[in-house]
Structures are given as C-alpha cells and as structure tokens.
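Report on the following structure.
Every number here is computed from the coordinates shown, using simple stated rules; none is lab data. Just so you know, these numbers come straight off a predicted model, no measurement behind them. Positions of Cβ are backbone-derived with ideal geometry, glycine not excepted, and every protein chain shown enters the neighbour counts.
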Amino acid sequence: MSRLITRTLILVACACWVFPLGAGRYALAGDGSTPPGIKEYKPNISTQEYEKRYKAVYGKFTEQMAQEGNPADFMLDDGKDLFGKVEGAAGKSCASCHGANGEKLKGVAATYPKYDPELKGIDTVALQINRCRKEQMGAPELKYESDPQLALELYVKSLSNGVPINVSIAGPAKPFYEAGKAFYYKRYGQFNFSCALCHVKYAGHMIRANLLSNNRHHADHWPSYRLKWGATGSLQRRFRGCNKNVRQKPEPFQSETYRNLELYLTYQANGVPIEVPGFRM
Ligand code: HEC
Ligand code: HEC
C-alpha cells in the first residue's frame, strides 16, 4: 500500500513537471467556452472507469452508511420547520410566499446557480434564501454554515430531489462561468496544483489514501454529511477544504469567486439528478 502511495505522489509530482500547461495533449471539454490562456485537460480515464475504481476502493461503504440513516436527515426536518416559521418585520415565513410545502419552489434549485440581473452576477440557492429573508421578510440574514442556514438550504434543495440539474451558461452568465473555469484551471499554492489537475486529469488515481474523484458528481449532493467533519456542510465548505489542502488561502463563503466556481462545477453536472442530503467520507 505505502509503495502505491509513494508511486502515486511521485507520478503526480513528475507529471506536473513534465507536462506543464499547453503540452498539446489536451482536448476541449465541449462547453464551447474557453477563457483566454486556458488549455483544458482531457481526463485520463472515463467517468465510467472512475466509477468502477470507486467501487473497487470504497465498495458500497457510503451507500450502506446512508441507508442506515444519514444524520443530515434531522437537519432536513429542521429545515422544513424553519420554512414555515414566521420571522422578521413583515410577519411572514417562506411558506407565506412559496407554498406551505414549498410547492412553488419545486425543481427551482436544479436551475441554480444562475445569473441575476440585480446582483449583476451569480445567484446561489444559499444567497437567494438570505436575500429573501432580508428583502421579503425583514429578517436577519443567516450566517453561512450555521445550522439554520444549512437546514433551510437543504430543505429548498430537497424540493428538487430527482430533478436533473439544468444550469444555463448562456448570455450574461457566460463571463462568470468563464471566470469560474479560469479559477478551476489556475495553478496555485505551494504545490502548484489546480482543481482541474486533481479532479479532471488525475481523477481515478490515488493520492495518499484517497481516490481522486471525477467532477461529474461534485455538485449534485450538497449540503452533505461528511464523516470527516462529523457534520453537515456545503459545497463551498468543501471548496475551502480543497483550497487548504494545497495551501491556497480559502475564500469567504458566497464570495464572487466561489459563486462563479459553483456555477462552473454545477454546469459539469448538468443532467445529473439532485440528491440531497448527500453522504461522504
Ligand atoms: C414576501 C414573499 C417572500 C418571502 C416571505 C420569501 N420569498 Fe423567496 N422569493 C420571493 C420572490 C418575489 C422571489 C422572486 C425572485 C426575486 O424577485 O428575486 C423569490 C425567490 C426565491 C427563490 C428563487 C426562486 C426562483 O425561481 O429562482 C428561492 C429559492 C426562495 N425565494 C426561497 C425563499 C426562502 C427559503 C424563504 C424563507 C427564508 C423565502 N424565499 C421567503 C418572495 C418571497
Ligand atoms: C491535490 C489534489 C486536489 C486538488 C488540487 C483539489 N482537490 Fe478537491 N478533492 C481532493 C481529494 C483527495 C478529495 C476527496 C476524495 C474525492 O472525492 O476526490 C477531494 C474532494 C473534492 C470534492 C468533493 C467531491 C464529492 O464527491 O463530494 C469537491 C467538490 C472538490 N474536491 C472540489 C475541488 C475544487 C473546487 C478544487 C480547486 C479549488 C479542488 N477540489 C482541488 C483532492 C484535490
């Protein structure tokens, strides 16, 4: 095992050195959008092959754990309660405007993140919930990653469970998508890694004790319960974790950079059904 780890680390380190960006072995991923200065990676293995390796390494561990009960299910129940709770100066709850069981928000989360003309930027589900609290309810915004914030986000997302992700990068969304993509491909940190290097090019290879995941399913299951956190957290918390792993300074939650990145990553999951709460190691 430790030989494999050493070999993998050496492989990654050498590969970064021998094949710097622009080595001519990369193809376009086919989103019709390539920001200047970016050469896209072609994954070393297909998504299907990655999924085979995932089964081989982890078996059905997370599936079984989730079946035994996802601790985030309790949070989902809290989210439903909060949705119906009157708060703020306007004397309203989310349910007052969006239906007692959130009927009017069914399927909506599958279209997020999306461009918002008022923001002149990208709106996420988490950000929109706080905008509604502030502007529609006269209630204080919820602190990102706090239990009530995650609970409401989880509930709103769950109203789209089973609905295929369908985010748009057309028109005014495009420059923000391209900014997200540029961030994804940018080399950074002391180790000179990029998100894409690990999650596109080397997806399916081992790095220390971890199998590097292909990004096709990165955006479909958040908020998720993670064993490592012993808690439920958001996709952006995961961004911060990966930033820290490669010694890059993490961004604040819902920063413009992270919203653009979320748009980029969610677009990679277009067609994949939303499934929350997720469960990960
Ligand atoms: C007084 C009515 C009102 C209340 C209360 C309210 N909202 Fe909204 N909400 C709106 C309106 C109006 C929009 C339309 C989008 C806009 O104008 O930004 C909206 C948009 C949304 C959207 C995006 C819908 C879409 O189609 O893109 C979500 C998600 C949402 N609200 C969630 C919530 C949640 C969760 C709460 C409770 C914390 C809440 N809202 C409270 C009026 C309300
Ligand atoms: C040095 C390699 C490396 C880099 C660079 C890296 N990650 Fe990761 N990432 C990992 C590992 C290891 C995991 C945990 C195993 C897995 O799911 O791949 C992970 C997990 C994730 C997950 C969770 C996947 C899931 O299924 O829940 C997301 C999302 C993610 N990374 C996004 C990013 C983003 C965005 C960046 C760039 C800011 C990035 N990563 C940079 C190694 C890396």
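Output the number of residues of segment 169-192 satisfying the condition of being hydrophobic (A, V, I, L, M, F, W, C), farther than 16 Å from Lys114 by Cβ and either crowded, with 21+ Cβ neighbours inside 10 Å or without any contact (Cβ under 8 Å) to a residue 40 or more places away in the chain (or both). Working first, answer last.
Let us first name the residues in segment 169-192 that are hydrophobic (A, V, I, L, M, F, W, C), namely 169-170, 173, 176, 179, 182-183, 191.
In the following step, the residues that additionally are farther than 16 Å from Lys114 by Cβ were identified as 182-183, 191.
With the extra rule that they be either crowded, with 21+ Cβ neighbours inside 10 Å or without any contact (Cβ under 8 Å) to a residue 40 or more places away in the chain (or both), the set shrinks to none.
Of the residues in segment 169-192, 0 are hydrophobic (A, V, I, L, M, F, W, C), farther than 16 Å from Lys114 by Cβ and either crowded, with 21+ Cβ neighbours inside 10 Å or without any contact (Cβ under 8 Å) to a residue 40 or more places away in the chain (or both).
Would you confirm, using the coordinates I've provided, whether Ala209 is within 10 Å of ligand 2 (Cβ to nearest atom) and farther than 24 Å from Tyr155 by Cβ?
Working: within 10 Å of ligand 2 (Cβ to nearest atom): yes; farther than 24 Å from Tyr155 by Cβ: yes.
When the stated conditions are applied, Ala209 passes them.
Name, by its number, the condition in (1) surrounded by fewer than 20 Cβ atoms within 10 Å (Cβ to Cβ); (2) of a type in the set (A, V, I, L, M); (3) in contact (Cβ under 8 Å) with a residue 40 or more places away in the chain that does not hold for Ala110.
Condition not satisfied by Ala110: (1).
Check Gly271, Gly241, Gly278, Gly233 and return the single one that is closer than 19 Å to Asn161 by Cβ and surrounded by fewer than 17 Cβ atoms within 10 Å (Cβ to Cβ).
Gly271
Go through segment 177-212 and give me each residue that's over 19 Å from Lys249 (Cα atoms) and touching a Phe, Trp or Tyr at 6+ places or on another chain (Cβ under 7 Å).
Of everything in segment 177-212, those that are over 19 Å from Lys249 (Cα atoms) and touching a Phe, Trp or Tyr at 6+ places or on another chain (Cβ under 7 Å) turn out to be Tyr177, Val200, Lys201, Ala203, Gly204, Leu211, Leu212.
What are the pairs, 6+ residues apart or on separate chains, where a residue within segment 193-219 that is among the aromatic types (Phe, Trp, Tyr) has its Cβ under 7 Å from a residue that is assigned to a loop (DSSP other than H, G, I, E, B) and within 6 Å of ligand 2 (Cβ to nearest atom)?
Phe193/Val246; Tyr202/Leu212
Hey, Asn215 hits all of (1) among the polar types (S, T, N, Q); (2) within 16 Å of ligand 1 (Cβ to nearest atom); (3) in contact with a His (Cβ under 6 Å, 6 or more places away or on another chain) but one; which does it fall short on?
With respect to (1) among the polar types (S, T, N, Q); (2) within 16 Å of ligand 1 (Cβ to nearest atom); (3) in contact with a His (Cβ under 6 Å, 6 or more places away or on another chain), Asn215 is out only on (2).
Within segment 58-76, is there a residue that is among the basic types (Lys, Arg) and more than 28 Å from Leu261 (Cα to Cα)?
Taking every residue of segment 58-76 in turn, at least one turns out to be among the basic types (Lys, Arg) and more than 28 Å from Leu261 (Cα to Cα).
Can you list residue pairs whose Cβ atoms sit under 7 Å apart, with the first residue in segment 41-68 being within 26 Å of Pro277 (Cβ to Cβ) and the second being part of a helix (DSSP H, G or I)? Count only pairs 6 or more apart in sequence or on different chains.
Close Cβ pairs (under 7 Å, with a partner that is part of a helix (DSSP H, G or I)) amount to Thr47/Arg216.
Give the residue that is nearest to Ile274 (Cα to Cα), with candidates limited to residues of segment 140-157 that are in contact (Cβ under 8 Å) with a residue 40 or more places away in the chain and surrounded by 19 or more Cβ atoms within 10 Å (Cβ to Cβ).
Lys157
Could you tell me how many of the residues in segment 176-192 are within 10 Å of ligand 2 (Cβ to nearest atom) and assigned to a loop (DSSP other than H, G, I, E, B)?
Number of matching residues: 5.
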